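Below you'll find the structure, written out as structure tokens, and then a few comments.
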Amino acid sequence: MKRVAVVLKDAGLPFALAGGYAVYARGGPESDHDVDFYLREDDVDRAEKVLDDAQIRVERPAEDWLVKAYVDDAMVDLIFRPTDMPVTTEILDRAETIEVESVDMPVLSATDLVTSKLLAMDEHYCDFGQMFPVARSVREQVDWAAVAERTRDNAFARAFLQLVRDLRIVAD
């Protein structure tokens, strides 16, 4: 995570830490998953080049919405088209610089972070149990009305938002 972040920062590429490590950076539980960075699709080719120049192996998997970078055996996902939320300049501009593991890096806003996690829910992946600690740990940092608006077309997100209101994890 740190090495990829520094290479992207030094190259002046806009990006933001996302996923479980972004939740951790914002005060949530420590992540045990791979590292996710968001970047714009237009910046993928340049990111591949600067990472390759830094001897960081980059692969394009079969999925057409991300690129994978490897530092030794550690994997970093460079995501440019998460579910129903393409990475835009506006999303990256809302990221806040936070020190993560001794490196200052942009971290997805809590509102965008919760939105992206909820939009990923579908009939094949709907783990409210994983989302409760996220909601609890970042609840004061989230614009819940904006999350509800952005996820209104996702029945799983709507159900989760109703549940966290009913349980008084977040205010109505």
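General observations
- Among the residues of the stretch 111-136, those that are part of a loop (DSSP other than H, G, I, E, B) and of a type in the set (A, V, I, L, M) comprise Ala120, Met121.
- Among all positions in the stretch 91-110, there is at least one residue which is touching a Leu at 6+ places or on another chain (Cβ under 6 Å), in a loop (DSSP other than H, G, I, E, B) and in the same structural domain as Glu41 (by TED's automatic domain parsing).
- Failed criterion for Glu123 (all others in (1) surrounded by 13 or more Cβ atoms within 10 Å (Cβ to Cβ); (2) farther than 20 Å from Ser31 by Cβ; (3) not assigned by TED's automatic domain parsing to the domain that holds Asp34 hold): (1)
- Verdict on Asp77 being part of a strand (DSSP E or B), surrounded by 13 or more Cβ atoms within 10 Å (Cβ to Cβ) and either of a type in the set (Asp, Glu) or outside the structural domain of Ala95 (by TED's automatic domain parsing) (or both): yes
- The set of residues in the stretch 24-51 being charged (D, E, K, R) and either touching a residue at least 24 places away in the same chain (Cβ under 8 Å) or outside the structural domain of Thr88 (by TED's automatic domain parsing) (or both) consists of Arg26, Asp34, Asp36, Arg40, Glu41, Asp43, Arg46.
- If you go through the stretch 137-158 and keep only what is surrounded by 14 or more Cβ atoms within 10 Å (Cβ to Cβ) and part of a helix (DSSP H, G or I), you end up with Ser137, Val138, Arg139, Gln141, Trp144, Ala146, Val147, Ala148, Arg150, Phe156, Ala157, Arg158.
The values are calculated or read from the model by the stated rules, or taken from the named source; none is laboratory data. What you see is a predicted model; the values in this text were computed from it and never measured. Backbone-built Cβ (ideal geometry, glycine too); neighbour counts: all protein chains shown.
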